[in-house]
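Report on the structure given below.
The values are calculated or read from the model by the stated rules, or taken from the named source; none is laboratory data. All values reported here derive from a predicted model rather than from experimental measurement. Here Cβ is always computed from backbone atoms with ideal geometry, including for glycine, and neighbour counts include all displayed protein chains.
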Amino acid sequence: MTYVKICGITSVEDAVMAAAAGADALGLNFVLSSKRVIDRATAAHISDAVGGQLELVAIVADRSAPELEELRETTGIRWLQLHGRESAEDLELVLPHAYKAVSIASAADAARAEEYGGTRLLADAKSKIPGQLGGTGERFDWSLALPLTARRDLIVAGGLDPSNVAEAVRTLRPFGVDVASGVERPGNPRQKDPARVQAFIAAVRAAERAP
């Protein structure tokens, strides 16, 4: 089954809803510039509510290994998604429960992604918005990621929503898919739309059954 991660969860209510809808993981954002950033107390409440039901992933950028270990300890979240300018060496310090998010706009970007270790890798669109590290709704050319899916547990992100995620699954057969803006309430990046979350997951499951 394709791993489905609903990213940018900001409340216990949305966490419980996404878990009930069948998500495999939730992304909790700790990047201060993000519209979906939460504090550690909120993350701990979410972890207490649903941490035993599915995987929780902390979205971080450009933090030191000691800071990341402290974040793990204070929130109960083990997995880290490194979404900044981290080097392959930085990633090595927090493995195995961590992976790098790489921005892809060319074959060269996809090739550079191979420099990062670990089993998982997340491929996102390279944002045209200065300073934005993801969650912008922008999509990249999925064919660029095909070589990565053959060698890595690739999670595909960037512009996915209920209308196109099935195509992404059929095209790439990735380890997982990741969505934030594509399942939000219109005009509210801090709240998920239950109907869109359910439609997104249903589309993924239907695509898995397709020949």
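One residue alone among GLY176, GLY159 is surrounded by 16 or more Cβ atoms within 10 Å (Cβ to Cβ), modelled with pLDDT under 95 and within 25 Å of THR119 (Cβ to Cβ), and that residue is GLY159.
Of all residues in the range 179-211, those satisfying the criterion of being closer than 22 Å to SER103 by Cα and surrounded by fewer than 20 Cβ atoms within 10 Å (Cβ to Cβ) are SER181, PRO189.
Listed by first and then second residue, the pairs linking a residue in the range 179-198 that is over 16 Å from LYS35 (Cα atoms) and touching a residue at least 24 places away in the same chain (Cβ under 8 Å) to a residue that is crowded, with 23+ Cβ neighbours inside 10 Å and not polar (S, T, N, Q), with Cβ atoms under 6 Å apart and 6 or more places separating them unless they lie on different chains, are ARG196/VAL183; VAL197/ALA18; VAL197/VAL183. Taken over the range 19-60, the residue count meeting the criterion of being within 17 Å of ARG205 (Cβ to Cβ) and either touching a Gly at 6+ places or on another chain (Cβ under 7 Å) or assigned to a helix (DSSP H, G or I) (or both) is 3.
Of all residues in the range 148-191, those that are in contact with an Asp or Glu (Cβ under 8 Å, 6 or more places away or on another chain) and hydrophobic (A, V, I, L, M, F, W, C) total 9.
Residue-by-condition table, conditions (1) at pLDDT 95 or above; (2) under 23 Å from GLY182 (Cβ atoms); (3) surrounded by fewer than 17 Cβ atoms within 10 Å (Cβ to Cβ):
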{"site": "ARG78", "(1), (2), (3)": "yes, no, yes"}
{"site": "LEU93", "(1), (2), (3)": "yes, no, yes"}
{"site": "TYR99", "(1), (2), (3)": "yes, yes, no"}
{"site": "LYS128", "(1), (2), (3)": "no, yes, yes"}
{"site": "PHE140", "(1), (2), (3)": "no, yes, no"}
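Residue-level check: of (1) in a loop (DSSP other than H, G, I, E, B); (2) on the phi < 0 side of the Ramachandran plot, VAL16 misses just (1).
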